[in-house]
Amino acid sequence: MKNLVKKIIFLDTETTGVNTEDRLFQVAYDFNGHQESELFLPPLPICIEASETTHYTNEDVKDKQPFLESTFKNKLKEILSNNEIIFIAHNAKFDIEMLKKEGIEVFSFIDTLKIAQYLDCDAKLNAYRLQYLRYALKLDVGKIPAHDALGDVIVLKALFERLYTKMSSQTTNPNNILNEMIEISLKPTLIKKFTFGKHIGELVETIAQKDKGYLEWLLKQKHQQAAEGDIDENWIFTLKTYLD
């Protein structure tokens, strides 16, 4: 891992909400062994649901500088302008979209959420949320708070190291692990276990054999949601795979 430090940046954002119009109010990253974290005044209020999760309120950010006007943004943009830098986040697409709204582009990325799903071949895990994985995998990160950007970056880094080690033990080309992770992160994920509905807790492969009609019905539902703008590419890919 030591020789990878200069190639990767671990990053997390906390946001005013999870809708299309929402914006970031906290950013933290770990790059080259150096950590940065800062609060910002967002262009719209932090919703109550976001405060419920992060414990940050509009009072906490009312005197902060907007991200767009900050030296923090300029420094981060300079780091990510190097197309050799690999951006690492959990559910990376979300953070990438948040940064894009602020004028920062990401060239290549690794999504630890997708890597965790990919490596869980036997579907032993019931969820892949960052804090769930923190405790399920017994990551040694101490008593850091959850849903604070810097705290999540610390967990993210520990999770990545665990996933990287596991991939190292399974590959015949240890020099290509990062590229493999990037490729996995770009593709839809094959979901292995239901976490909802009448078949909750059961393997999708098993249900494909004994209740194919349910998979066909669910695929229609996912296509209908996609037509309305709510695209769940992982489930669509999974259902098509097993139905084919």
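What follows is calculated from the coordinates using simple rules that are stated; it is not laboratory data. Please read all numbers here as calculations on a predicted model, not as lab measurements. Note: ideal-geometry Cβ built from the backbone for every residue, glycine included; neighbour counts use all protein chains shown.
Here are the numbers:
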{"quantity": "Inter-site label distance for Ala136 and Cys47 at 7 Å from Cα along Cβ, in nm", "calculated": "2.5 nm"}
{"quantity": "Helical contribution to [θ] at 222 nm, DSSP H n ≥ 4, -39,500 (n - 2.57), averaged over the chain, rounded to 500", "calculated": "-13500 deg cm²/dmol"}
{"quantity": "Debye log10 I(q)/I(0) at q = 0.12, 0.14, 0.15, 0.21 Å⁻¹ for segment 126-236, Cα point scatterers", "calculated": "-0.64, -0.84, -0.92, -1.15"}
{"quantity": "Percent RCO, i.e. relative contact order, over the chain, from Cα pairs under 8 Å lying at least 6 residues apart", "calculated": "16 percent"}
{"quantity": "Local net charge near His147, Cβ-Cβ under 13 Å (Lys/Arg +1, Asp/Glu -1)", "calculated": "-4"}
{"quantity": "Proxy reagent accessibility, fewest Cβ within 10 Å first, across Ser168, Ser108", "calculated": "Ser168, Ser108"}
{"quantity": "Point-to-point label distance, Leu190-Lys210, nm (Cα→Cβ direction, 7 Å offset)", "calculated": "2.1 nm"}
{"quantity": "Exposure proxy ranking, count of Cβ atoms within 10 Å, fewest first, for Thr171, Thr112", "calculated": "Thr171, Thr112"}
{"quantity": "Diffusion coefficient, µm² s⁻¹, Stokes-Einstein with Kirkwood Rh over alpha-carbon pairs of the chain at 25 °C and 0.890 mPa s", "calculated": "126 µm²/s"}
{"quantity": "Residues whose placed amide H lies under 5 Å from that of Ser108, excluding near-sequence neighbours", "calculated": "Phe87"}
{"quantity": "25 Å Cα-Cα threshold exceeded, pairs from Lys157/Lys187; Lys138/Lys192; Lys7/Lys192", "calculated": "Lys7/Lys192"}
{"quantity": "Formal net charge of residues neighbouring His199 (Cβ-Cβ distance under 13 Å; K, R +1; D, E -1)", "calculated": "+2"}
{"quantity": "Those GluC sites (Glu not before Pro) in segment 33-121 that DSSP places in a loop and that have at most 15 other beta carbons within 10 Å", "calculated": "Glu84, Glu105"}
{"quantity": "DSSP H segments from the chain that extend 18 Å or more along their own axis, Cα-based, with Kyte-Doolittle mean of -1.0 or above", "calculated": "149-170"}
